[in-house]
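Data first, discussion second: the structure below is written as structure tokens.
The values are calculated or read from the model by the stated rules, or taken from the named source; none is laboratory data. Being a predicted model, the structure only gives us computed values, none of them experimental. Cβ placement follows ideal geometry from the backbone for every residue including glycine, while neighbour counts extend to all protein chains displayed. Heads up: the accessible areas ignore ligands, DNA and RNA and are worked out on the full protein's heavy atoms, side chains in. Shrake-Rupley method; radii C 1.70, N 1.55, O 1.52, S 1.80 Å.
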Amino acid sequence: MASRRILSSLFLAASWVGAQAQTTANYTDAATGIKFLQVTQDNGHAFGVVLPETTTGSDFIGQISAPLSEGWAGVSLTSSMTAGLLVVAWPNGDEVVAALRKASGYSNPAVYSGDAVLKPITTGISNNGSSFTYTFLCSGCLDGKTSFASDATSGPIGWAMSDDAPTTPSSPSSAMTAHTGTGGQGIGVYTFSQARSADYDTWAALASDATSGNGTGAGNSTTPSNSTLPTTGNVTATISNVTYDYIVVGGGGSGIIAAQRLVETGKSVLLLERGKASYYPSGGDLTVSWNDTVSIYEVPAMYNWLTDVQGNDALCSDTPEMAGCILGGGTAVNGLAFIRPPTWDFDDKWPQGWKWSDVEASAERWYERNPGTLIPSADGKYYDYGVYDNLSKNLLAGGWNSTNTNESPDDKEKTFSYAAVNVLNGKRAGPVATYLPLAMAETNFKLMLNTMVLRAVRTNSTITGVEVQLEDASRMIINVNQGGKVILASGAMSSPRILFRSGIGPSEQINKVKAGTTSITLPDESAWINSPVGFVKDHTNLGVSFKVTTGMKIMSESDYVTPNQENIDLWDKASGPLTESSIMRLNSYNKVTVNNQTLIVQTHNYATTNDTINTLFVLTHGTTSSGTLGIDADGNTLWESSPYLQTDTDKRALAMVIDMWLEMSRRSNSTLEYVGSANDTGADIVANVATSAGCHMTGTTIMGTDDGSQGGSSVVDTNGLVYGTDNLFVIDAGMHADVPTGNTQAIVGVVAEHVVQKIIALGSGSSSGNATAPATGLDVSTAVPSGTAFSIQPSDTGVPAQPSQSQADPASFSFGGYSAASTLLTVSRTSAAAEATSIASVASDAAATLVSQVATAVESAVLTSVIPTALPTAGANVTGPLPEQPLPEGFTLKDLMDWIAYIMRNFGKGRGGHQGHRS
């Protein structure tokens, strides 16, 4: 779900309240002589506007000024980021770059593709290194829908500013950063009648008709010639000398869960996350002002103000809606809703093997570690819950029933509950807290942060590894072991990008990658896999406000951001208001039937100001609207068709539930009063109030039994395996077969727990649970035939120890049955040359030659040998040939090599006995 500050703009638009401190004045620009009606915010953001005297045109003159040496500033020509045409500008060297954008959601806005155009007024464009000004004619920009109307006498204009620069400042189409830190957002109120001037035509004539100039990228923003992005060719990628049995792409909710369960198998697991650390125990360093060992992400109440924290770059800049690009993904930055899925979420449309009876055990494993709660404060009290107190009384009077969504997840018909939230021991829970520490404690697990996966490297149907972009922008290919698997868990809006770049998806999207600017190496076109990647469904949000006629006081921003000592002391006891999600006070649920289709509408209820309750109506399970996700030339994913409120069925369902609330608020004994016209109906509100994304996307890599690579409608099979591939899987919400009833956080955990067991059951071709170097010239993973015998003749004296063996119980597997000690011994192998030298110095020439040859093929490895205890007395001296033993089923040449190397290191010439740990 989007930030409370962002959500609040849906409600502020109706009353134009809540903007930051601002001043309005008539201002004459010295450089151009143009007289603007200018609104200046207390942080220095200023926007001026001039209109013609006539009210029939579609143009206006605007000016953006901001005190920034880097970052960006912009305005929405309405009060909403998603509803309005956006004008953004930023400094680049000594120039100013500007663009028209249009956002489909609360994420990086796409370059505008309509008829409106920016024409720079160059004499009014300046950049002195500490602040910039951009003056322009906005031609064709006023249509009364994505902007204020040309004949409006007054109205709101939204503004936003960030001190984080766009990712490619030289490009007008660059991905933009969130408005965080000293920037922010708000709404300015303009009296447009005061902005009209008889001199408008004279000033408009100052505008240039050029499509570029002064670095502005005028028009609809095409990449200028001085762009630093490569347009053709490929960049060089080094090859990692370490390989893994499993590579999991994306350290979000599903990725961390899967990685930890894979680690439990003993196989080597690499988890790749494009973002940085989040929670303090994971290495996160953005801490709250009142405790330097607690990150901003761990405090549930901080959700409202995460975007205000300097250095918080946790949101993705290349997706059409809001998504988390940080360790934990959305689970680290979302509104904390944890609504356990009802049985029908699986029973309605999921395939066999995925009904509730199939996944229930997986759900219990998830809930055992990460249960969610309706009582986040450990003392059992509720703080700052005026919203619940007021709403619950009105709902009960209206015939609604109270329920507990953790205990009764199927109870979703005209019910309400305390908000179920992802809080454990007073802090934000989620896999970063409940799964990751278990994986980090194991030697067969590695986590790489600030590492973005660009594509899966594949030859025909086999994935051999992944290509990544590291923090310094260099590229590397990391391979999987023979039989290894690559598992995508990057989220429903980002895993499709990886598939498109891997030559998997509709050819239209793959061709956009081919012709794009991101230098991606695609397979030959003959090897492209046609797949229906990109189908999408999501929840649709619509906000309505209600006045509390009896009054309601809420805690202020400062109460949460700079809490008093009493609330800090409560926090230390896992209690108090800081443990509560700041936008989750009461949830309600109702089923409605339209055109024989059952749909569910839930609400989230919270407050941002005294005396007013904000109700977010969310159309969830049963929605009939869908859209399409695609990719652009710069690698951003975007909506090619919107999934929001596209059908009459959906509109009617949402309107029906809104009508129930309006009726409740209009009863004679109600303490609620709808903020809007007394004659408004649900249908009026649905028709006139802008909707927003639920950010709970599913289906972009949808699961099913009809093979999409052969003309079917499914991208992955019931094991999560991408059709047309041997070893590429998707496990995030994109593969979900249906839209859930509640927010996706809880159901993502259920599905991850279930699908990873299916992947584990498929097995892995590697016999070692340790990362190894890639083999060249010798296939060390080929199984030696069962029954093969092998023996070693010690050169002098010594006792043979156990081989590294992960496919049989070490306690029951012995070669000769002798051990030097009862201990766990870890041996680290170095380079091939050093290995051969080390072995040759202590072993017979013949044995050294054998191990040297194998070591040349496998340059480095981390080997673990478990020495059993039920053996003859340690230190027993054995001479002569060792007893021959049959090799167990599946024992590989590498296992054999490991054993030989281990014995010769520890019991060869001059060593005579156990040498202890060597690392």
Next item on the list: With a 10 Å radius around each residue's Cβ, average the other Cβ atoms per peptide and rank 735-747, 560-572, highest first.
Entry: 735-747, 560-572
Next item on the list: Subtracting the Cα-Cα distance from 0.36 nm times the residue separation, let me have the gained length for ALA198 to ALA361 in nm, one decimal.
Entry: 51.3 nm
Check: Using mean Cβ contacts within 10 Å as the protection proxy, how do 692-701, 711-720, 121-130 order, highest first?
Finding: 692-701, 711-720, 121-130
Item checked: Carbon + sulfur, % of accessible area of the range 392-521 - ligands and nucleic acids excluded, 1.4 Å -> 48
Check: At what distance in angstrom do the alpha carbon centres of the range 421-452 and the range 282-305 lie from each other?
Finding: 16
Notebook entry, point to check: Residue by residue through the range 736-747, which ³J(HN,Hα) values in whole Hz follow from phi under the Karplus form 6.51 cos²θ - 1.76 cosθ + 1.60 (θ = phi - 60°), with glycine and proline marked x?
Noted result: 5, 7, 7, 7, x, 6, x, 4, 7, 4, 6, 5
Next item on the list: Please work out the FRET efficiency for the pair ALA527 and GLN710, using the Cβ-Cβ distance as r and a Förster radius of 25 Å; give the result to the nearest 0.05.
Entry: 0.95
Notebook entry, point to check: What are the residues whose amide H is under 5 Å from the amide H of VAL457, where those residues sit 5 or more places off or on another chain and H is modelled from the backbone?
Noted result: THR464, GLY465, VAL466, GLU467
Notebook entry, point to check: In terms of Cα to Cα distance under 19 Å, which aspartates and glutamates are near enough to LYS355, apart from those fewer than 8 places away along the same chain?
Noted result: ASP345, ASP347, GLU364, ASP410, ASP411, ASP706, ASP717, ASP732, ASP738, GLU753
Check: For the pair SER402 and ASN719, how long in nm is the line joining their label points, each one 7 Å along Cα→Cβ?
Finding: 4.9
Notebook entry, point to check: Which of LYS537/LYS758; LYS349/LYS591; LYS446/LYS485; LYS276/LYS514; LYS35/LYS119; LYS381/LYS553 have a Cα-Cα distance over 20 Å?
Noted result: LYS537/LYS758; LYS276/LYS514
Notebook entry, point to check: What's the FRET efficiency of ASN511 with SER113 using the Cβ-Cβ distance as r and R₀ = 25 Å, to the nearest 0.05?
Noted result: 0.85
Margin query: Please list, ordered by chain and number, the residues whose modelled amide H lies under 5 Å from the amide H of THR623; skip anything fewer than 5 residues away on the same chain.
Written below: ILE600
Notebook entry, point to check: Hey, can you rank 253-263, 523-533, 43-53 by average C-beta count inside 10 Å, highest first?
Noted result: 253-263, 43-53, 523-533
Check: How much of the accessible area of the range 24-205, probe 1.4 Å, is carbon plus sulfur, in whole percent?
Finding: 47
Next item on the list: Using label points projected 7 Å from each Cα along Cα→Cβ, tell me how many nm separate SER558 and SER668, to one decimal.
Entry: 4.5
Next item on the list: Report ³J(HN,Hα) in whole Hz for each residue of the range 468-473, in order, from the Karplus equation J = 6.51 cos²θ - 1.76 cosθ + 1.60 where θ = phi - 60°; Gly and Pro get x.
Entry: 10, 10, 7, 4, 8, 6
Notebook entry, point to check: What full-extension length gain, to one decimal in nm, is calculated for ALA149 and ASP379 as 0.36 nm per residue of separation minus the Cα-Cα distance?
Noted result: 77.5 nm
Item checked: Calculated FRET efficiency for the pair MET476/THR593, C-beta based, R₀ 56 Å, to 0.05 -> 0.55
Notebook entry, point to check: When the Karplus curve 6.51 cos²θ - 1.76 cosθ + 1.60 is applied with θ = phi - 60°, which whole-Hz ³J(HN,Hα) does each residue of the range 636-646 get, with x for Gly and Pro?
Noted result: 7, 7, 8, 7, 7, 8, 6, x, 9, 6, 8
Check: Under a 5 Å amide H to amide H cut-off, with H placed in plane at 1.01 Å, what residues pair with PHE535 once short-range neighbours are removed?
Finding: LEU629
Margin query: Quick check: residue separation of LYS573 and ASN241 times 0.36 nm, minus the Cα distance between them. What number comes out in nm?
Written below: 114.8 nm
